[in-house]
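In what follows, a structure is listed as structure tokens, so that the remarks can point back to it.
The values are calculated or read from the model by the stated rules, or taken from the named source; none is laboratory data. Model, not experiment: these values are computed from the prediction. Here the Cβ positions follow ideal geometry from the backbone for every residue, glycine too, while neighbour counts run over all protein chains shown. Please note that ligands, DNA and RNA were not included when accessible areas were found on the heavy atoms of the full protein model with its side chains. Shrake-Rupley method; radii C 1.70, N 1.55, O 1.52, S 1.80 Å.
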Amino acid sequence: MDTICCNKSLNIRPNDKPVFLVGVLIFAVLPQSAHSGGISLYEIGTPDVGLASAGYSARAQDASTLFKNPAGMSRLHGSQIQAGGQFLYGDVEFSPDGNTSPKLGSDGGGNAIGALPGLSLFYVHDFSDKWKFGLGAFSNFGLVEEYNENWVGRYYVQKSALVGVSIMPSVSYKATDWLSIGIGMNAMFGYLKDEVAINNLDPRVGDGQMTLKDNTWGFGANVGILIEPRKGTRFGITYQSQINLDFAATPSYSNLGPGLSKVLANPSSVNLGMNVPQSVMFGFYQQIDDEWAIMGDVGWQDWSQFGKVDIGLQSSDSSTLTANLNYQDTWHGAIGVQYKAFPDWVFTSGFAYDSSAVSNKDRTVVLPMGEAWRFGLGALWQVTQKLDVNASYEFMWNGDMSVTQGADNILRGQVSGSYANAWFSFFALNFTYRL
């Protein structure tokens with residue numbers, strides 16, 4: 001999702017060249033690979049999948065509200081637990097065009113996403129009429145991609161995984177009959193692994209490869225307010241703070257040619273600071289009658305900060321490079337409805353739109369991110385007074401996303417083409433049990 005550029009002039013001393021070359025290789029790979037997982041999902045295996053996230057911060061009807069708006073826990077009666085499973089399938093395939101460097105071949109890489117499973121678990125404990133405590137485990141940040149070994153963009157990325165798994169304790173307080181407040185701590189475990197080919201410039205040797213792997217913890221906060229001026233009318237606002245994932249690792253190399261083998265014999269450790277973006281979501285929920293309810297949200301995510309990555313090379317003659325990947329803040333809007341067709345059945349539908357975190361000129365093959373259109377359908381069955389079962393489906397359309405990168409890079413070559421008709425499907429099944 002970038003054309004990597006350095007926005008500073010650098011003075012490199014002769015004895016810095018080996019260190020600097022390591023920096024250039026990682027500078028070219030890591031920020032992009034990080035963005036292969038630079039997606040914050042609304043889909044975490046909850047009933048919100050069937051609403052395309054509409055009512056995210058104001059609906060407050062199940063235990064997963066401890067993440068979406070912790071103040072919403074005050075509305076829940078008694079203690080309850082919610083467990084959900086989710087299956088994601090993405091169809092994201094690249095088609096190179098005639099502007100791609102001939103030496104890179106014509107392999108489009110196949111489907112970079114494919115199938116990914118997910119799980120979530122939420123528990124809300126009823127301490128009193130005013131106090132609730134919640135604990136959740138889920139993943140809403142990250143993505144995994146894998147291209148064919150000899151695809152045209154192999155010098156930018158081959159395999160990449162960035163996954164954030166959150167554990168979130170939360171508490172809510174019902175200050176008045178119409179006002180509730182809540183706060184939660186987001187303890188996120190981050191896992192990063194990247195593999196990229198290295199051009200040895202010698203067809204007899206073939207490509208080399210660089211691998212980098214690390215994990216770390218980051219911490220943030222969720223703060224929410226829920227206002228219910230009258231029964232059936234709710235307004236919610238949630239702020240999720242930025243989370244810093246400070247990855248650091250020493251790259252490993254394989255199958256390097258004689259020249260690169262000498263230069264990269266003693267690779268330096270690399271510090272990579274990555275920011276999971278802060279966000280604000282404002283929503284409403286309105287009960288129209290005994291059968292119908294309407295809800296919606298508007299939101300903002302600070303993706304411009306995620307695009308500023310500092311890479312420190314730890315050596316006696318180190319240099320620090322700053323890559324500005326030109327990400328931009330995104331805006332979100334959603335609208336949805338609930339329909340209680342029968343006493344034990346509720347059907348849902350929703351629509352949402354998210355703007356793109358990257359402009360067409362800055363998009364890369366590592367993360368072909370674009371604007372997203374979501375369409376959701378769901379059904380909830382109240383099996384007993386204590387048990388609900390919900391099944392949901394959501395279709396996300398990203399459309400056509402053009403890419404041109406590496407025009408000035410002789411080593412990696414130029415990759416040009418597009419991802420045509422990119423889409424994702426989400427299938428969710430979850431259970432809510434009231435204790």
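Miscellaneous remarks
- Single condition Thr211 does not satisfy, out of (1) in a strand (DSSP E or B); (2) open to solvent by 50 Å² or more (accessible area, probe 1.4 Å): (2)
- Test: residue in region 53-64 that is free of Cβ contacts under 8 Å to residues at least 60 places away in the same chain and within 12 Å of Arg234 (Cβ to Cβ): yes
- Those residues of region 108-125 which are open to solvent by less than 50 Å² (accessible area, probe 1.4 Å) and in a strand (DSSP E or B), in sequence order: Asn111, Gly114, Leu116, Gly118, Ser120, Phe122, Val124
- The C-beta contact set for region 189-208 (first residue under 17 Å from Glu149 (Cα atoms), second residue open to solvent by 50 Å² or more (accessible area, probe 1.4 Å) and aliphatic (A, V, I, L, M), distance under 7 angstrom, 6+ apart or interchain) comprises Asn199/Leu411.
- Among residues of region 134-156, those that are touching a strand residue (DSSP E or B) at 6+ places or on another chain (Cβ under 6 Å) and farther than 30 Å from Arg434 by Cβ, counted: 8
- Checking Gly85 against (1) more than 30 Å from Asp400 (Cβ to Cβ); (2) in a loop (DSSP other than H, G, I, E, B), the condition it does not meet: (2)
- Sole exception among (1) closer than 26 Å to Ser279 by Cα; (2) under 20 Å from the mean Cα position of the chain (by Cα); (3) buried (at least 21 other Cβ atoms within 10 Å of the Cβ) for Ala60, by number: (2)
- Filtering region 412-435 to residues that are over 19 Å from the mean Cα position of the chain (by Cα) and of a type in the set (Gly, Ala, Ser) leaves Gly413, Ser416, Gly417, Ser418, Ala420.
- Positions within region 126-149 being surrounded by 23 or more Cβ atoms within 10 Å (Cβ to Cβ) and closer than 30 Å to Asp177 by Cα, in sequence order: Lys132, Gly134, Gly136
- Residue match in region 160-177 (condition: open to solvent by 10 Å² or more (accessible area, probe 1.4 Å), within 26 Å of Ser279 (Cβ to Cβ) and either outside any strand (DSSP E or B) or basic (Lys, Arg) (or both)): yes
- Out of Met396, Met369, one residue alone is part of a strand (DSSP E or B) and under 15 Å from Asp91 (Cα atoms). It is Met396.
- Some residue of region 218-231 being modelled with pLDDT of 95 or more, out of contact with any His (no Cβ under 8 Å at 6 or more places or on another chain) and over 30 Å from Ser128 (Cα atoms): yes
- Val415 of a type in the set (A, V, I, L, M), in contact (Cβ under 8 Å) with a residue 40 or more places away in the chain and crowded, with 16+ Cβ neighbours inside 10 Å: yes
- Thr100 meets all of the listed conditions (1) open to solvent by 40 Å² or more (accessible area, probe 1.4 Å); (2) at pLDDT 90 or above but one, namely (1).
- In region 233-247, the residues that are hydrophobic (A, V, I, L, M, F, W, C) and open to solvent by less than 40 Å² (accessible area, probe 1.4 Å): Ile243, Leu245, Phe247
- The set of residues in region 250-277 being open to solvent by less than 40 Å² (accessible area, probe 1.4 Å) and free of Cβ contacts under 8 Å to residues at least 40 places away in the same chain consists of Gly273, Asn275.
- Yes/no for Val152 being open to solvent by less than 10 Å² (accessible area, probe 1.4 Å), outside any strand (DSSP E or B) and either in contact (Cβ under 8 Å) with a residue 40 or more places away in the chain or closer than 19 Å to Lys193 by Cα (or both): yes
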